[in-house]
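Read through the structure below, which is laid out as structure tokens, and then see the notes.
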């Protein structure tokens, strides 16, 4: 069948050749599928594709620029020492962020105290001690899933567990415990990545000299992985600083005219203050929100760039 | 001894998961004693605050769908585009410029995106189309799209980077252009990683709370018009928990039923992504 098709419109090749390699010849000989590189069209699509991906990148960059520009143009003039040192007020021009700023700092400190030991501990166990058993795989999948649970669901957990069952009330402690649960999976994942980069030779050398497993981990593996772990910890703490929804759930206040003094006090944080101001229709409060955002993003950018610089130096040093 | 202590730390995560599931279920059971599961899942009217009360979750699902769908429309192709651009087209100086921009975008708190939607995107949409409401799904979808963008971009970047160089070189050797290699060799090879990043982005958009609460409004309804005010599942939870709803009332319990729905769908997304990433890692190595 196909041989008859092939010889139609033949260019004078002998039947013998066609019989020997019918498939190969078929592509070149039958008139409708004659090989044409169509270079002009392909080049055109190449340029079009390049432009599309470039456009995508520009969208990302433009989004950041427009966002920063709008926040700065709205909020910059509102920034002052009074703004940082005043309590919130019903009068927009007098409102400040003192309670929120102090609350954010305290909350982050408490979260660090709770989440870092547990998170790093879990990572060390999973990387250094756990055998590859069914249990470990269950925990693996579990952590990956926990990292994807919407933050507001953590808020509901915190509301039930810490506010109600543990009776912490709407306190700083309840907020810190909730936030710790939220960032725990992130700390575990990043710490494990850092522990993975420690070469096996370090462990074997220590073990070979007679150190116990724990001595090896404490004196050699952990110090080697420390910069990586710290980077992950800082990035996840900065996530806790910016997170709003879980704290709204557990009932952090949006109006507070005092500074929390103990972990059992009521509290508010910067993102909640910003949320509250943004959701009001008056322009003056939107301006205050923009100024609050400037403070919040200033803190986050400083902290994050520290982490990023640390990671870069660490990567350069860790060329084994 | 130390090992046991560390094991407890690891076990803690499992306990947290079980805690989430049990506590949500416990409250939701009380809700489902009063409202049947069928009525909850298939009802088309969500009116928890007024008599006659009605707890059909579909209007909230509709709002969530609009936001997730719109965010996907914006965030996924753009993120993939950035991933391809950074890997295949960008010179290294440009790459070093774009990467920090993405990291900054990824680090911006969601409440800031909400502010951005309210003060920039919505007025801008209203300029284009005067009929756009102050609170609307489209504006929320746009900012959520921007929010998932850096995540999609960096995960796609990783997936594309994992494609062996030899496979691409083979494409070039056959005379393919750069874009042909990108679309016909790189993307298919990195597909499972790319899809995993898409699913994670969908899951994130689905569970996003603050930006959506600020920008999309609080009007639960089933609508085909993305420029109207809607309410998402997450925004409803915020509305009830920030209002003064008495504990133990049915609308208070209803947030836990909504929470379970939220948890179930995002777990489904995550399991799928986890499975795909695992599969793609073994192919990549």
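Would segment B:127-138 turn up any residue that is without any contact (Cβ under 8 Å) to a residue 24 or more places away in the chain, at positive phi and not in a helix (DSSP H, G or I)? No, because not a single residue in segment B:127-138 is without any contact (Cβ under 8 Å) to a residue 24 or more places away in the chain, at positive phi and not in a helix (DSSP H, G or I).
Condition check: within 14 Å of chain B (Cβ to nearest Cβ), in contact (Cβ under 8 Å) with a residue 24 or more places away in the chain and in contact with a helix residue (DSSP H, G or I) (Cβ under 6 Å, 6 or more places away or on another chain). Does residue A:92 satisfy that? Before you say what the answer is, go through the steps one by one.
Details: within 14 Å of chain B (Cβ to nearest Cβ): no; in contact (Cβ under 8 Å) with a residue 24 or more places away in the chain: yes; in contact with a helix residue (DSSP H, G or I) (Cβ under 6 Å, 6 or more places away or on another chain): yes.
So residue A:92 fails the test.
Scanning segment B:95-111 for residues that are more than 17 Å from residue A:296 (Cβ to Cβ) and at the interface with chain A (Cβ under 8 Å from one of its Cβ atoms) gives B:98, B:100, B:101, B:102.
Checking segment A:33-41 against the condition returns no match, with no residue being at pLDDT 75 or above and facing chain B (nearest Cβ under 7 Å).
Exactly one residue out of B:229, B:266 is away from chain A (no Cβ under 11 Å), in contact with a helix residue (DSSP H, G or I) (Cβ under 8 Å, 6 or more places away or on another chain) and either surrounded by 18 or more Cβ atoms within 10 Å (Cβ to Cβ) or under 20 Å from residue B:115 (Cα atoms) (or both): that is B:229. Kindly evaluate residue A:79 against the criterion of being under 25 Å from residue B:120 (Cα atoms), surrounded by 15 or more Cβ atoms within 10 Å (Cβ to Cβ), in contact with a helix residue (DSSP H, G or I) (Cβ under 9 Å, 6 or more places away or on another chain) and modelled with pLDDT under 90. For residue A:79, the condition - under 25 Å from residue B:120 (Cα atoms), surrounded by 15 or more Cβ atoms within 10 Å (Cβ to Cβ), in contact with a helix residue (DSSP H, G or I) (Cβ under 9 Å, 6 or more places away or on another chain) and modelled with pLDDT under 90 - is met. Checking each residue in segment A:269-294 for being in a loop (DSSP other than H, G, I, E, B) and either within 21 Å of residue B:238 (Cα to Cα) or in contact with a strand residue (DSSP E or B) (Cβ under 6 Å, 6 or more places away or on another chain) (or both) picks out A:269, A:279, A:280, A:281. In segment B:112-133, which residue that is more than 15 Å from the chain's Cα centre (by Cα) and facing chain A (nearest Cβ under 9 Å) is surrounded by the most Cβ atoms within 10 Å (Cβ to Cβ)? Across segment B:112-133, the extreme among qualifying residues is B:115. Of the residues B:15, B:74, B:20, the single one that is out of contact with any helix residue (DSSP H, G or I) (no Cβ under 7 Å at 6 or more places or on another chain) and either assigned to a helix (DSSP H, G or I) or at positive phi (or both) is B:15.
Take the conditions buried (at least 21 other Cβ atoms within 10 Å of the Cβ) and at pLDDT below 90 and apply them to residue B:175. Does it pass? So residue B:175 does not fit the description; no. Within segment A:151-180, the set of residues being free of Cβ contacts under 8 Å to residues at least 60 places away in the same chain and part of a helix (DSSP H, G or I) comprises A:153, A:157, A:160, A:161, A:164, A:165. Filtering A:126, A:110 for residues that are in contact (Cβ under 8 Å) with a residue 60 or more places away in the chain, within 11 Å of another protein chain (Cβ to nearest Cβ) and either crowded, with 21+ Cβ neighbours inside 10 Å or part of a helix (DSSP H, G or I) (or both) leaves a single hit, A:126.
The values are calculated or read from the model by the stated rules, or taken from the named source; none is laboratory data. Because the structure is predicted, anything quoted here is derived from the model rather than measured. Here the Cβ is made from the backbone with ideal geometry for all residues, glycine too, and neighbour counts use every protein chain on show.
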